[in-house]
Structures are given as structure tokens and as C-alpha cells.
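The values are calculated or read from the model by the stated rules, or taken from the named source; none is laboratory data. All of these numbers come straight from a predicted model, not from anything done at the bench. Note that we place each Cβ from the backbone using ideal geometry, even for glycine, and neighbour counts take in every protein chain shown.
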Amino acid sequence: MGFGVNLNFSQIIPSIPFILQGVGVTLKIVVFAALLGFVFGVILALCKIGRIKVLTWLADAYTSVFRGTPLVLQLMIIYFGLPQLIGFEIEAFPAAVIAFGLNSAAYISEIIRAGILAVDKGQREAAMALGVPYKRMMRDIILPQALKNILPALMNEFITLTKESAVVTVIGAMDIMRRAYIVGGQKYAYFEPLLIAGLIYYILVIILTLLGKAVEGRMRKSD
Amino acid sequence: MIKVVDLHKSFGKLEVLKGITTMIKQGEVVAIIGPSGSGKSTFLRCLNLLEEPTSGKIWIGDQEITNPKTNIMKVRQNVGMVFQHFHLFPHMTVLENLTYAPMKVKGMTKVDAEAKGLELLQKVGLAEKANEYPNRLSGGQKQRVAIARALAMSPDVMLFDEPTSALDPEMVKEVLEVMKSLAHTGMTMAIVTHEMGFAREVADRVLFLDGGQLVEDAPPSEFFSAPKSKRAQEFLEKML
Ligand SMILES: Nc1ncnc2c1ncn2[C@@H]1O[C@H](COP(=O)(O)OP(=O)(O)OP(=O)(O)O)[C@@H](O)[C@H]1O
Ligand SMILES: [Mg+2]
């Protein structure tokens with residue numbers, strides 16, 4: 001075959017279950033990182049719109065730094081660098097969750113901040129006129145409306161996170177990517193396992209996208 | 001009772017209220033009228049401190065609300081406000097709109113709050129809409145719900161900022177009817193309005209604001225038939 005397009009998927013088939021086990025690892029990292037990112041992102045967003053100047057400044061600075069440096073650098077600092085300071089090793093899994101969580105918190109906080117500011121000013125005034133305290137107003141009136149508006153943007157962030165999570169391979173976490181790479185090494189053939197990894201990521205992203213659309217559709221029903 | 005003494009309010013360099021002094025007695029219904037930009041909304045919003053006065057004093061009942069020691073949240077629970085654009089909570093049903101603040105702010109039980117909410121919906125003629133979401137209502141229905149929501153806190157005073165200005169003409173009447181019957185219950189009301197007929201019929205007094213000043217303060221019979229100031233005369237000529 002001339003150049004010898006030399007793809008041989010049959011030799012990879014026995015390794016597919018091994019690669020698929022990485023789906024659990026990837027999803028676990030993504031889910032925990034997304035939770036951390038969301039909770040911390042809400043807190044950061046509240047700091048940004050609040051009246052306490054120091055907190056606003058800190059939250060802005062945080063966002064600027066985490067958006068302004070590579071994710072893989074943040075991951076390596078936490079996994080390889082931090083033990084130097086704290087005196088003990090961090091496992092790959094928590095290191096990945098922390099790095100991705102802190103990173104996506106920066107992005108999510110911007111999304112949520114914009115969502116809060118987009119809620120009609122009258123909602124706030126109506127709540128204040130009823131004597132609703134600030135915290136309650138945020139929790140019961142403003143945030144639920146903000147979240148509804150920003151659901152597509154949040155979903156996007158989670159999809160990005162799923163794809164970007166592949167960089168955990170640099171700290172040796174056994175995710176989809178790492179497993180595909182290992183299989184490649186064993187069989188002296190990288191193309192096929194990496195293609196399979198690509199397919200798995202793509203399917204995950206499609207599922208997330210559909211899920212997002214379904215949730216959005218349900219929300220729109222109450223409009 | 002509401003007492004206002006030498007109330008000033010500036011937004012930056014713009015002085016919007018230039019020393020307003022007046023009093024609204026218990027059970028009195030006061031219509032606040034005047035040209036656009038004269039400071040009517042700002043004045044009303046100072047009465048529940050949605051705007052913070054630059055100087056001057058305001059009493060609601062025997063509480064000086066401009067005193068920094070006063071708990072504004074407590075005062076606001078006692079002063080209902082109805083906005084031009086309703087501002088119902090869109091993610092709550094009509095009944096939830098009515099029960100939210102009584103439960104979460106006043107600590108009323110769900111049973112009591114719902115009973116009271118349904119009773120109020122009955123009064124504004126919307127009992128059958130209790131479980132609808134606000135976006136399923138017409139403008140007039142929304143505003144009646146907004147009035148009921150404010151009343152659910154059992155306020156002593158009700159403030160209205162152009163409650164019918166955003167409504168289609170055919171819906172104005174149903175809202176004014178609700179306000180009229182509220183006036184008959186002895187509620188103390190301050191109403192910013194362009195509905196001259198309503199002001200003439202329902203108000204005990206008319207406050208005419210122009211350029212941030214209280215230019216005239218008179219019973220409607222006097223104000224509408226023989227306005228004293230030139231500015232009020234001109235304004236009425238344009239309105240009628
Ligand atoms: N938050 C604000 N910041 C700056 N200027 C404001 C603010 N609110 C009101 N103003 C200005 O204050 C003036 C009085 O406004 P206000 O809304 O009290 O008038 P109004 O009598 O209610 O007018 P309208 O009949 O149009 O509602 C206007 O010039 C307005 O632009
Ligand atoms: Mg106004």
C-alpha cells in the first residue's frame with residue numbers, strides 16, 4: 001500500500017477495556033473539580049459584586065492570575081511544587097481536582113458575576129422593599145434567576161473542563177489519555193489508541209452537550 | 001403617619017430634591033404629581049430608603065428612619081411598595097410571591113402565610129391564579145398580585161410609583177379599583193400617578209412637585225379647580 005498506511009485496530013481491541021476504565025477516572029476528576037469550581041466560583045462572584053473593596057480586589061486578582069497562566073503550569077505547581085512547601089506528597093487525583101477546580105472557579109466566577117448583573121435591578125429593589133436581608137435575597141431571588149440565564153455558559157465551561165482534563169496525564173493520573181498513551185507504548189502503535197481516546201472524549205462531550213440542552217429545555221418550560 | 005422634614009437628595013452634582021417638608025397622616029391618601037424628572041420617584045423611594053437622603057429627616061410612625069441606628073429592614077417590612085413594572089419574582093408562583101417574605105422575613109408559618117396569601121388574592125380577584133407563574137398573567141393581573149404581595153407583609157403604609165403607567169389602557173381600571181378599595185380600608189397611601197381622575201376622586205391631598213420642590217400641597221378639590229402656582233396651572237393645562 002505505497003506509504004503503508006499502517007493502521008491496525010485489531011491489535012488494540014484487547015486494550016480497549018483498559019482505556020475505557022479511564023472514563024471513570026476522567027469523570028471523577030471532572031465532577032469533583034466542577035463542584036469545587038462552582039462553589040468557589042459563586043463565592044468569588046459574590047466577592048466581586050459585593051461592597052467590601054478588599055474582597056473585590058482579591059477576587060479580581062485571583063481571576064486574573066488563574067486566567068493568565070497555563071492550566072498545565074497550575075497543575076504541575078500543585079502536584080510537583082506544593083509538596084516542597086507542605087512537606088508531604090499529594091496524590092494525582094486530589095491534585096488534579098484542586099488544580100482544575102481552582103482554575104475553573106476563575107472562569108465560572110466571571111460567568112456568574114455577569115449573570116447576577118444581568119438580573120433586572122427591579123428584582124433587588126422589590127426584595128429590599130419587602131425587607132428581605134441581603135444574603136437571603138441573593139440566595140432565593142437573585143442567584144436562581146442568574147443561574148437560569150447562565151446555564152448554557154456554565155455547561156460550556158464543564159465541557160471545556162472535560163476536554164482540558166486530559167492534561168492530568170502529565171502528573172500520571174490514569175485517565176483516558178494516559179491509558180491510551182500507555183497502550184501505545186506497549187504496542188509500539190500510538191495512532192490507534194489515541195484515536196480511540198479522541199473518540200471517547202468526543203462522545204463524552206456530545207453527551208454533556210445533550211444533557212445541557214435537556215436541562216435548558218426543562219428550564220424554558222417555566223418561562 | 002409619615003413626617004418629612006427638609007429632605008434633600010442629590011445624585012452626584014444633580015440636586016433632585018431641594019428641601020421637602022410635609023406630613024401624611026394615618027389613613028390619609030396622598031397623590032404625588034408633577035412633570036417628568038421633578039423628583040416624584042426619588043421622593044417616594046426615600047420613604048423606604050431605597051434612596052438614601054443626602055440630608056433631612058423622615059419619620060414613619062414614631063421611628064426616625066433617617067437615624068443611622070434604625071433597622072431599615074424592620075422599617076421596610078412595615079412599608080409596602082408597588083412599582084411601575086411590578087417586579088414580581090418570575091421563578092415563583094403567584095402564591096409563593098405572596099408567601100415568600102412573610103415566611104422568610106417575618107417567620108410566619110407556611111400555613112398562615114398561605115391562608116393570608118389566598119385571602120389577599122381573593123381580595124384582588126385573582127384567587128384562581130394562585131399557582132400560575134407571573135409570566136402567564138396580564139399586566140393588570142401582575143400589578144394586582146404585586147399589590148397583594150406588598151399587603152401580605154401587613155404594612156402600615158403603602159407606596160405606589162406610577163402603578164398604572166406600564167399598563168394597557170383597558171387594564172388601568174382594574175388596578176385603580178383595587179387601590180380604591182384599599183384606600184377605603186383606611187390604609188395610609190402615597191401614590192405617584194398621572195391618573196388625574198383617580199387623584200381627584202380618591203386622594204385626600206395632592207402634592208405637586210416641580211424641580212425638586214414641593215410647590216403645592218392642597219386637597220384635590222382646590223388643587224384641580226384653582227391651583228395657586230403658575231407651574232401647577234401650566235402642568236394641569238398640559239395634562240387635561
Ligand atoms: N439613580 C440615579 N442616579 C442619577 N440620577 C438619577 C437617579 N435617579 C433619578 N435620577 C435623576 O433625578 C431626577 C428625578 O428623577 P425621578 O425619577 O425622581 O423623577 P420623576 O418625577 O419620578 O420622573 P418620571 O415622571 O419620569 O418618573 C431626574 O433628572 C433623574 O434623571
Ligand atoms: Mg418616576
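Odds and ends about this structure:
- Flag if residue A:179 is charged (D, E, K, R), crowded, with 16+ Cβ neighbours inside 10 Å and in contact with a Gly (Cβ under 6 Å, 6 or more places away or on another chain): yes
- Residues that are among the acidic types (Asp, Glu), away from ligand 2 (no atom under 15 Å from the Cβ) and without any contact (Cβ under 8 Å) to a residue 40 or more places away in the chain, drawn from the stretch B:165-212: B:168, B:170, B:177, B:201
- Listed conditions (1) surrounded by fewer than 22 Cβ atoms within 10 Å (Cβ to Cβ); (2) part of a helix (DSSP H, G or I); (3) more than 9 Å from every other protein chain (Cβ to nearest Cβ); (4) not basic (Lys, Arg) are all met by residue B:148, apart from (1).
- Subset of the stretch B:17-32 (residues that are crowded, with 20+ Cβ neighbours inside 10 Å and either within 18 Å of residue B:75 (Cα to Cα) or more than 11 Å from ligand 2 (Cβ to nearest atom) (or both)): B:17, B:20, B:24, B:29, B:30, B:31
- Count of the stretch B:131-145 residues, restricted to those that are assigned to a loop (DSSP other than H, G, I, E, B) and either within 13 Å of chain A (Cβ to nearest Cβ) or surrounded by fewer than 18 Cβ atoms within 10 Å (Cβ to Cβ) (or both), is 4.
- Residues (outside any helix (DSSP H, G or I), under 22 Å from residue B:43 (Cα atoms) and either in contact with a Phe, Trp or Tyr (Cβ under 9 Å, 6 or more places away or on another chain) or charged (D, E, K, R) (or both)) located in the stretch B:151-183: B:156, B:160, B:161, B:162, B:163, B:164, B:166
- Condition check for residue B:91: assigned to a loop (DSSP other than H, G, I, E, B) and either within 16 Å of ligand 2 (Cβ to nearest atom) or more than 21 Å from residue A:130 (Cα to Cα) (or both): no
- Each residue in the stretch B:25-42 was checked for being in a loop (DSSP other than H, G, I, E, B), more than 7 Å from ligand 1 (Cβ to nearest atom) and small (Gly, Ala, Ser), and 1 pass.
- Residues of the stretch B:11-24 satisfying the condition of being touching a Ser or Thr at 6+ places or on another chain (Cβ under 7 Å) and near ligand 1 (Cβ under 9 Å from one of its atoms): B:16, B:17
- Only one of A:141, A:159 that is part of a helix (DSSP H, G or I), farther than 21 Å from residue A:40 by Cβ and in contact (Cβ under 8 Å) with a residue 12 or more places away in the chain: A:141
- Residues of the stretch B:203-240 classified as charged (D, E, K, R), assigned to a helix (DSSP H, G or I) and farther than 16 Å from residue B:35 by Cβ, total: 1
- Residue count, the stretch B:25-73 (criterion: within 22 Å of residue B:186 (Cα to Cα) and away from every other protein chain (no Cβ under 14 Å)): 13
- The set of residues in the stretch B:100-157 that are aromatic (Phe, Trp, Tyr) and over 27 Å from residue B:173 (Cβ atoms) contains only B:100.
- Single residue of A:214, A:173, A:127, A:146 found to be outside any loop (DSSP other than H, G, I, E, B), more than 14 Å from chain B (Cβ to nearest Cβ) and either within 21 Å of the chain's Cα centre (by Cα) or buried (at least 19 other Cβ atoms within 10 Å of the Cβ) (or both): A:214
- Residue, surrounded by the most Cβ atoms within 10 Å (Cβ to Cβ), within the stretch A:61-111, restricted to residues that are modelled with pLDDT under 95 and assigned to a loop (DSSP other than H, G, I, E, B): A:90
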